[in-house]
Every structure is written in C-alpha cells, then in structure tokens.
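Below: one structure, written as structure tokens.
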Amino acid sequence: SVRWGLIGASTIARQFMINAIRAQGDGEIVAVMSSSPERATDYARENNIPLAVSTLDAVLSTDIDAVYISTTNELHLEQALAAAKAGKHVLCEKPLALTSADARTMVAAAKAAGIVLGTNHHLRNAGAHRAMREAIAAGRIGKPIAACVFHAVYLPENLQGWRITKPEAGGGVVLDITVHDADTLRFVLGDDPVEVSAFTQSAGMAGSGLEDGAMCIWRFKSCLIAQSHEGFTTKFADTGFEVHGSEGSLIARNVMTQKPIGSVTLRTAKGEEDLRFDREDLYARSLRQFHAAIRGEGQPSATGEDGIWSLAAAEAALQSASSGKAVKIDPKL
Ligand code: NDP
C-alpha cells in the first residue's frame, strides 16, 4: 500500500484528492499537516485522517511513503525539497513553485533523492483531452495549424482569498490557470510552446496588482499558433478547446474543468463525429498513474519536467504582459 501524508489543509484536497487517494485500493491517508494545530485537528476529524500535525518535520518523520503538497504556491519549494530529502515521493500542486528556476531545483532534488515527483496537472487525465491527443497523433485532423483554449471562469466565493490578494503567495490567474492551459496545449498537441505574447487585466476582482484575466497568444515549435483566455471574473462563459488542422477540426466544449464531463466533436469533409471517451475521475486517474510510477511502472501523468514547462510558459506570459513584448519560452531542460 502507499501511505500518504497531506501537506496543506486545503480545499482541493478536501474536494478531490482525499477521495482520489482512497479510491485506489492501495492508497491510505495517514496524516495531515496544517500550519495551524487547530485547523489540522479539525481537518483530520472532518476527513477521517488518523494523525494531525502542524510542522513539516512531524509529517515527514511519520511512517509515510508519499506526500501530496497543496499549500499556497510560495510554500511548495521548501516543502518538496524537505520531502525529497526525507525520501518521500512528492505529488505537488501546480504551479510547482513561484519561478521555473525553483521548479528546476525541485526536479533536481527529486532526481538526486531517487523519488518520484509529479505535478498535479489534472487535465491530462481527462478522457476528453486524451481523446483529442489520440485523434491528433493518429492524423485525423491532418497537420494541426491553430488552437484555442477558453478557460475563463468565475472564481467561487470560497476561493476568493490568496489567489486575488497575495502576490507573495503566487496569486493571480496566470499562475493559477494559464499554467494548466500551457500544459494541456503541450499534452494535446504533443508540441512545445516557444514564444508567447500576453495581455493581462484586473477586471475588478483581484487587488494588490494581481491579474484576474489574461489572453495569451502562443507559437509552438511546429509553427502552430494558439490562443488562450484565462479569467476569474466571467460568470457566464463556457469553457472549451479547439484544434484546427489541414484535414479537420476538433471542437471540445465544457472540458476545461475538474470533472469528467464535456464533449469532443471531430469535423472533417465526411461530416461530424462525436468522439467517445472514458469518464474516469481525473484526480483518481492521476493517483493511479502516480502509484504505478512509485512501483517503477511508467511516469506520473504530469512529471516534474512538465511542471517546469508550464511554469516557464506562465512566467513568460507574465513577462510579456508587463513588458508589452513577445517573450521566448525556455524551460532550460
Ligand atoms: P486553499 O486556499 O483551500 O488552501 C491553501 C492553504 O490555505 C491551506 O494549505 C491552508 O493552510 C490555508 N487555508 C485553507 N483554508 C483556510 C481557512 N479557512 N483559514 C485559514 N487558512 C486556510 O487552496 P486551494 O485548495 O484552492 O489550492 C491549494 C493548491 O492547490 C494551490 O497550489 C493551487 O494552485 C492548487 N490547486 C490545484 C487544482 C488542480 O486541479 N490541480 C485546483 C485547485 C487548487 P494550512 O495548510 O497551513 O492550514
């Protein structure tokens, strides 16, 4: 079995990851760490976790195999480095850190310690995105030419905290959502972005100089160009993902989400076909892959290197927005 410690008494763990770990026949949650002893105890009681601790040392000296890090973004680096040093596998939330340089430090530490490091880019686990990736790889749209990602949402009230008030915690929509879009584009297209041009806005929700909306234009190695829209402030927008090729288009709706929902339509000279895909829970699949990686079978669905890539892309988007110039993307891998 895989014994897990949770680092961070977070919403994402409560809503998705605790269930995803327990959905694995061999997954067990042994401890939760919060910076507040009181919150740790409450969280442990509410979620049936045997042990509540309030320091990193305490969780890492527990008999666990792996940690899931879902604290605010400025804490991931230190916590992942300590976990690697203690020989624990690390599944870390995105963005891996506040800078791609720090993310590279994490990946190097994981390698040195011989532990598995994964980035929790859940969308790679969506049946919809995997169906799109397979269709593209099989040549069903010919040569991919352009892509659009629609990922502007309304940030739920219970999450209107550090994301819109704390630059020092890695707030802002670019570190929150653009990282996912960059990763999903890489995954679906099987291609890497080389350059980005971005505009960001503060449309009334985020303060402290943070952005709550972004539009990015990406150039990929293959010459494909893509656009993505991320936001916290649009109450009535749908999400979607389109890839247009020389022989066809893939049109996916309602797929930039945490749930296994949505549709993917392939449109070619022959007409339209709705692609079928599996509806497994995204986070449960992420965990299954991670457990397999611990056993030495394959890689996590998104690796540490993938986390470096998505953060380097987001970083370049922020630089572009502040400089008014297109910025090259270099993950230095
Ligand atoms: P939360 O705001 O719910 O939790 C982050 C931290 O805030 C917790 O670790 C906790 O600190 C503290 N906290 C939580 N609730 C309270 C409270 N009521 N009072 C005081 N402090 C509190 O963040 P999210 O779960 O939304 O995000 C956590 C991480 O997960 C981020 O890195 C984010 O980017 C990522 N994320 C990833 C998603 C994905 O699908 N891959 C989706 C959502 C988030 P402490 O642990 O010290 O108690």
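Okay, here's what the table says:
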read-out	value
All positions within the range 82-99 that are at positive phi and within 16 Å of the ligand (Cβ to nearest atom)	none
Members of the range 73-125 that are basic (K, R), touching a Gly at 6+ places or on another chain (Cβ under 8 Å) and closer than 29 Å to K328 by Cα	K94
Candidates D278, D238, D212, D274, filtered to the one that is acidic (D, E), touching a helix residue (DSSP H, G or I) at 6+ places or on another chain (Cβ under 6 Å) and closer than 25 Å to E134 by Cα	D278
Enumeration of residues in the range 189-216 that are in a strand (DSSP E or B) and either in contact (Cβ under 8 Å) with a residue 24 or more places away in the chain or over 20 Å from the mean Cα position of the chain (by Cα) (or both)	P193, V194, E195, V196, S197, A198, F199, T200, Q201, G213, A214, C216
Residue in the range 121-136 that is in contact with a helix residue (DSSP H, G or I) (Cβ under 6 Å, 6 or more places away or on another chain), away from the ligand (no atom under 16 Å from the Cβ) and not hydrophobic (A, V, I, L, M, F, W, C) present	yes
Count of residues meeting criterion [touching a residue at least 12 places away in the same chain (Cβ under 8 Å), out of contact with any helix residue (DSSP H, G or I) (no Cβ under 7 Å at 6 or more places or on another chain) and more than 19 Å from D65 (Cβ to Cβ)] in the range 20-41	5
Selected residue [in contact with a Ser or Thr (Cβ under 9 Å, 6 or more places away or on another chain), on the phi > 0 side of the Ramachandran plot and away from the ligand (no atom under 16 Å from the Cβ)] from K325, K332	K332
Per-region count, the range 94-134, residues over 14 Å from the mean Cα position of the chain (by Cα) and within 23 Å of D281 (Cβ to Cβ)	8
Which numbered condition D191 fails, given (1) of a type outside the set (F, W, Y); (2) surrounded by 20 or more Cβ atoms within 10 Å (Cβ to Cβ); (3) touching a Phe, Trp or Tyr at 6+ places or on another chain (Cβ under 8 Å)	(2)
Looking only at the range 18-39, and only at residues there that are near the ligand (Cβ under 9 Å from one of its atoms) and within 25 Å of the chain's Cα centre (by Cα), the one that is surrounded by the fewest Cβ atoms within 10 Å (Cβ to Cβ)	S35
Criterion: over 26 Å from S70 (Cβ atoms) and more than 16 Å from the ligand (Cβ to nearest atom) - qualifying residue of V194, V188	V194
Whichever residue in the range 88-115 is touching an Asp or Glu at 6+ places or on another chain (Cβ under 9 Å) and assigned to a loop (DSSP other than H, G, I, E, B) and, among such residues, is nearest to I21 (Cα to Cα)	K88
Selected residue [out of contact with any Phe, Trp or Tyr (no Cβ under 8 Å at 6 or more places or on another chain), more than 9 Å from the ligand (Cβ to nearest atom), of a type in the set (D, E) and not in a loop (DSSP other than H, G, I, E, B)] from D42, D63	D42
Checking T178 against (1) within 16 Å of the ligand (Cβ to nearest atom); (2) crowded, with 16+ Cβ neighbours inside 10 Å; (3) farther than 30 Å from L275 by Cα, the condition it does not meet	(3)
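Quick grid of which residues meet (1) under 22 Å from L123 (Cα atoms); (2) out of contact with any strand residue (DSSP E or B) (no Cβ under 9 Å at 6 or more places or on another chain); (3) not β-branched (V, I, T):
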{"site": "R3", "(1), (2), (3)": "no, no, yes"}
{"site": "R14", "(1), (2), (3)": "yes, yes, yes"}
{"site": "M17", "(1), (2), (3)": "yes, no, yes"}
{"site": "A31", "(1), (2), (3)": "no, no, yes"}
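The numbers here are math on the coordinates, done by the rules we state, and not lab data. Not measured: the values here are computed from a predicted model. FYI the Cβ positions are ideal-geometry reconstructions off the backbone, even for glycines, and counts take in every protein chain you see.
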